[in-house]
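Q: First the structure, which I've put down as structure tokens, then a few questions once you've had a look.
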Amino acid sequence: MKMWIMVRREIVVPGALAAVVIYLITAMSSHLPLLQPKSMQSFIMTMLYWMTLSITAFLGAVSSAGDRENNSWNFNRSLPVTMERIWTERTMTAFIMTVLLMFGFYGWDPIRIIEYSPGLFLTVFAFSNLCGLGLRTVIHGAVAGLIVTIVITSTAYILLEDNASISLILNGIHVMAGLAGLISSFICCRWVE
Amino acid sequence: MGNDPVRALIWKEFREQINLFALSLGAVTLIFVFHSIMRYVKPEHYWAGHDAIVTFIFIMWLVLSTGTIAGAFSSDRDRGACNFIAALPVRPLWIWIVKVSVAAYVTAAVVIFTLLTGWLFGYSNELSLLLPHLIIPLRLMGVMVVCTLFVAVFFRRAMTIWLTGMLLGTVLIMGYFLMVLYLAWEPSFPQWSIYIVLGCMVAGSAWADGVILSGGLRSGFQKGILILFVSGLVVLSLTTEYFATFYRYPDPVTARTLKIVDDGNCLLIQSDLIAPIHVLDIETGVIRRVSRRFALCSWGEDIHLSQSGRYMLVQQYRYLFGLFPLSRSMCNDLQSDPAVRAIQRHLHLGSRPAVNFQVIDLRTGHRFDLDEFERSEAIFPLGWHPGDDLLICLSICKTPRGNERNLCTFSPCGDLIRQWKSCQDCRYTLSYGRESIVKIDHVEMETINPCKFTYEHMVIGETEWNPVDSLEEVPRLSPDGLWEIRIEIDDSGTSHFVCKSRHDSDNPSFDLGSLSTLHPVFRWMPDSSSVLCRRDDESRQPVLEMFDPLTQSVTPLASTVSEAFSQVVRSSQIYFAVSENGKWIVIREQANRSASLFAFSVDNPQTFKVWKGAEAIGWEYGKRFLYRTGKMIRAWNPRTDADSDWFPGRGRRQA
């Protein structure tokens with residue numbers, strides 16, 4: 001419930017604004033002969049993709065850095081449960097929301113899933129979560145998570161650019177890196193002050 | 001107000017940013033180290049990762065700048081430290097200045113570190129090209145930061161600040177981006193509409209300010225932010241050109257236009273239609289920028305290179321601050337001249353074109369602007385003179401007797417070489433219907449096609465002559481200027497293509513076939529020793545033949561090699577690329593979006609090579625043929641019949 005309240009108060013304003021923006025751009029596209037429909041569609045999808053990715057980064061960071069930023073970390077520690085359990089509950093709640101968000105973005109379109117790597121969401125989520133443990137503020141955690149994800153993606157791209165099935169391999173790398181980030185975060189949560 | 005609280009505030013802000021700062025420096029170093037290692041271990045992957053690096057820098061700067069700003073404003077509120085900050089003996093304006101300054105310093109430090117690290121790892125050449133590209137992310141970053149600052153005043157939560165700021169920035173940038181793109185492509189777009197849009201935006205901002213101000217602002221720095229926001233809008237409107245030219249690193253493997261120029265020494269690269277033109281020196285691997293943005297290097301069928309391939313004609317769109325199209329200031333008499341209208345229609349220039357023509361020296365980057373004319377005179381380039389590097393232009397002057405049209409030739413440096421004055425005893429005709437301009441003199445006729453940029457000069461006596469469409473395909477003069485192909489009409493009234501010496505009148509002309517031949521294609525060998533011709537034989541089957549004008553012999557080429565090859569020769573859209581020594585010929589077949597290249601030897605046409613799905617680039621200086629397949633540039637060495645990955649800087653050594 002706490003997560004839901006946080007997400008609701010964080011997402012409602014930018015979400016409404018995003019809906020207006022997408023509507024305006026879509027309406028404008030029919031009056032612009034210079035952009036082909038495919039380009040416009042691609043642009044809108046890229047914008048949506050970045051928004052979804054940003055929200056994912058925040059969900060990951062909020063689940064670990066939110067309490068620390070609100071000074072309720074000590075309250076969590078005083079609870080008669082282990083830190084691992086607190087981490088699991090908070091992170092898994094945020095992860096379920098991320099999965100729902102991903103479903104909203106991908107829909108049932110297999111081409112979209114191929115074009116926009118779903119593994120990237122897991123990586124962003126995991127490293128935002130991990131960086132949220134190390135950096136105190138939510139926004140710094142989210143930004144750090146995004147930067148680490150870009151580094152991983154760029155490194156993999158430089159290494160594999162000439163590979164024919166690069167998108168498939170990149171997805172695999174993202175999933176592996178995301179799992180590694182989540183496990184690291186799980187291990188590190190007990191040592192965080 | 002003492003200095004200590006301000007100093008304490010600075011250190012507090014910096015301590016909050018230090019972790020993100022350190023992470024960014026580590027990420028930058030890691031990427032450059034990794035790419036350097038990859039370049040050393042796998043040199044054939046020379047181009048791999050340039051996109052990745054630029055994308056990485058672009059996204060990292062953007063994310064970091066908005067993150068530091070949004071973090072500076074949201075963290076204190078989320079942590080409940082606002083009361084503590086308010087209790088400090090510091091004015092709110094100073095708090096705002098400190099927060100923004102620290103975030104700006106952190107971002108600037110990362111930017112400088114990125115550039116320095118790139119330079120240290122040997123990316124100076126790339127960086128010199130990246131810098132103008134990275135100005136765009138910097139400006140984009142500025143817009144995002146202004147929007148984030150604006151939003152940070154009204155919203156309290158980190159994610160709301162972040163996402164709303166990003167969205168506002170995206171709306172502003174995309175709005176201007178689309179508007180300028182529209183103007184770039186549609187110069188006849190009414191200019192006053194842009195002023196209306198701009199006026200509406202400024203009025204909207206002023207109204208928003210008024211509403212907020214009437215409600216009462218809580219502190220002075222919020223007023224500052226609003227003023228900054230409105231100023232940002234004004235600055236943005238003056239720098240829109242940069243957002244419209246969202247061009248990428250001129251990567252040959254993804255470039256839209258890729259051609260070998262300057263006798264195989266350079267590779268011409270243009271990423272997309274509005275990107276600047278770059279030239280890559282094949283031998284050294286150095287890339288130079290030779291044009292401004294909005295330079296259109298190909299219209300019609302091909303790029304317009306001079307005979308030597310060193311000079312190129314481009315259309316350059318002009319904008320004041322990237323926003324207001326600068327129209328040609330021609331007087332009304334010239335505007336209404338049918339010749340001006342015809343040319344403007346051919347080139348899709350609109351009624352008040354914001355375009356001028358430029359001749360670019362691809363070797364030195366020098367540009368000669370054809371637009372330097374008076375209000376009473378207009379000059380339009382019609383094409384390059386075959387055989388030399390002279391540019392043929394049509395000059396239209398306003399005189400008391402009416403408009404006077406003259407043909408003139410310019411050197412690539414802009415010097416007027418020759419002018420043919422029209423006078424009373426000459427018959428002078430402009431033929432718009434056939435998209436050509438014909439000047440008929442007593443004994444001479446010149447036809448110039450402004451659409452396809454071909455030029456013909458022939459002596460016809462007093463005979464009237466009608467332009468022939470198929471003549472447009474004929475290259476008139478041989479590269480050495482000694483021979484020419486022209487049309488002659490025999491006694492039976494049939495027109496023939498004839499090859500004749502321009503200087504030796506005793507040398508009989510050589511018949512290359514009748515005009516009834518469908519789609520004849522002629523190509524002179526680089527040394528002018530022979531003409532490669534694709535025409536129909538007696539049974540009306542297309543054949544490939546070589547004519548030697550000296551011996552007047554005909555050598556059929558590759559007529560019975562294979563069905564696939566014959567099909568290529570029969571193709572209506574045919575492309576030849578002849579090697580420097582004239583020994584090797586590459587033909588392109590374009591069928592249903594899939595192109596195939598055929599290479600064969602002139603001496604032994606039975607052996608040939610096929611690359612499926614490949615795109616021809618041309619013969620490089622090192623006498624290898626370059627082609628692009630997928631995301632790779634490959635080079636074929638005809639002497640060893642070996643294909644290898646190509647990357648610049650080793651052209652001569654490898655050949």
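The values are calculated or read from the model by the stated rules, or taken from the named source; none is laboratory data. This is a predicted model, so every value here is computed, not measured. Glycine gets a Cβ as well: all are built from the backbone with ideal geometry, and neighbour counts include every protein chain shown.
Q: Looking at B:ALA27 and the list (1) modelled with pLDDT of 75 or more; (2) more than 24 Å from B:THR160 (Cβ to Cβ); (3) loosely packed, with under 15 Cβ neighbours inside 10 Å, which single condition is not satisfied?
A: Going through the list (1) modelled with pLDDT of 75 or more; (2) more than 24 Å from B:THR160 (Cβ to Cβ); (3) loosely packed, with under 15 Cβ neighbours inside 10 Å, B:ALA27 breaks only (3).
Q: Moving on to the next point. I'm checking my understanding of the structure. Among residues of segment A:157-176 that are within 14 Å of another protein chain (Cβ to nearest Cβ) and under 19 Å from the mean Cα position of the chain (by Cα), which one is modelled with the highest pLDDT?
A: A:ILE173
Q: In segment B:600-611, is there at least one residue being at pLDDT 65 or above, under 24 Å from the mean Cα position of the chain (by Cα) and under 27 Å from B:ILE269 (Cβ atoms)?
A: Scanning segment B:600-611, I find no residue that is at pLDDT 65 or above, under 24 Å from the mean Cα position of the chain (by Cα) and under 27 Å from B:ILE269 (Cβ atoms), so the answer is no.
Q: With A:SER64, A:SER72 as the choices, which residue is of a type in the set (Ser, Thr, Tyr) and more than 22 Å from the chain's Cα centre (by Cα)? Don't jump to the end; show me each part of the working.
A: Working: A:SER64 fails: more than 22 Å from the chain's Cα centre (by Cα).
Sole residue among the options that is of a type in the set (Ser, Thr, Tyr) and more than 22 Å from the chain's Cα centre (by Cα): A:SER72.
Q: Moving to a separate point now. Could you say whether any residue in segment B:558-569 is surrounded by 20 or more Cβ atoms within 10 Å (Cβ to Cβ) and at pLDDT 75 or above? Break it down into steps so the answer makes sense when it comes.
A: First pass over segment B:558-569, keeping only residues surrounded by 20 or more Cβ atoms within 10 Å (Cβ to Cβ): B:558, B:565, B:568-569.
Now narrow it down to the ones that are at pLDDT 75 or above: none.
No, that holds for no residue.
Q: Taking the options A:ILE187, A:ILE150, A:ILE183, name whichever one is in a helix (DSSP H, G or I) and within 14 Å of chain B (Cβ to nearest Cβ). First the steps, then the outcome.
A: Numbers: A:ILE187 fails: within 14 Å of chain B (Cβ to nearest Cβ); A:ILE183 fails: within 14 Å of chain B (Cβ to nearest Cβ).
Going through A:ILE187, A:ILE150, A:ILE183 in turn, just one is in a helix (DSSP H, G or I) and within 14 Å of chain B (Cβ to nearest Cβ): A:ILE150.
Q: Out of contact with any helix residue (DSSP H, G or I) (no Cβ under 6 Å at 6 or more places or on another chain) and either of a type in the set (Phe, Trp, Tyr) or touching a residue at least 24 places away in the same chain (Cβ under 8 Å) (or both) - does that describe any residue in segment A:159-170?
A: Looking for residues that are out of contact with any helix residue (DSSP H, G or I) (no Cβ under 6 Å at 6 or more places or on another chain) and either of a type in the set (Phe, Trp, Tyr) or touching a residue at least 24 places away in the same chain (Cβ under 8 Å) (or both), one finds at least one in segment A:159-170, hence yes.
Q: For residues that are assigned to a loop (DSSP other than H, G, I, E, B) and farther than 24 Å from B:GLU16 by Cα, scanning just segment A:105-147, find the one that is modelled with the highest pLDDT. First the steps, then the outcome.
A: So the first thing to find is which residues in segment A:105-147 are assigned to a loop (DSSP other than H, G, I, E, B), and the list is A:107-109, A:116-118, A:135-137.
With farther than 24 Å from B:GLU16 by Cα added as a condition, the list becomes A:107-109, A:116-118.
Working: A:GLY107: 73, A:TRP108: 72, A:ASP109: 71, A:TYR116: 76, A:SER117: 78, A:PRO118: 83.
Filtering segment A:105-147 for residues that are assigned to a loop (DSSP other than H, G, I, E, B) and farther than 24 Å from B:GLU16 by Cα, the one modelled with the highest pLDDT comes out as A:PRO118.
Q: Going through B:LEU25, B:LEU20, B:LEU30 one at a time, which residue ends up being in contact with a Phe, Trp or Tyr (Cβ under 9 Å, 6 or more places away or on another chain) and either within 10 Å of chain A (Cβ to nearest Cβ) or in a helix (DSSP H, G or I) (or both)?
A: Criteria check complete, one pass: B:LEU25.
Q: Give me a count of the residues in segment B:491-540 that are in a loop (DSSP other than H, G, I, E, B) and modelled with pLDDT under 70. Walk me through it before giving the result.
A: Narrowing segment B:491-540 to residues in a loop (DSSP other than H, G, I, E, B): B:491-494, B:502-509, B:515-520, B:525-530, B:537-540.
Filter once more, so that each one left must be modelled with pLDDT under 70: B:493-494, B:502-508, B:515-520, B:537-540.
The qualifying residues number 19.
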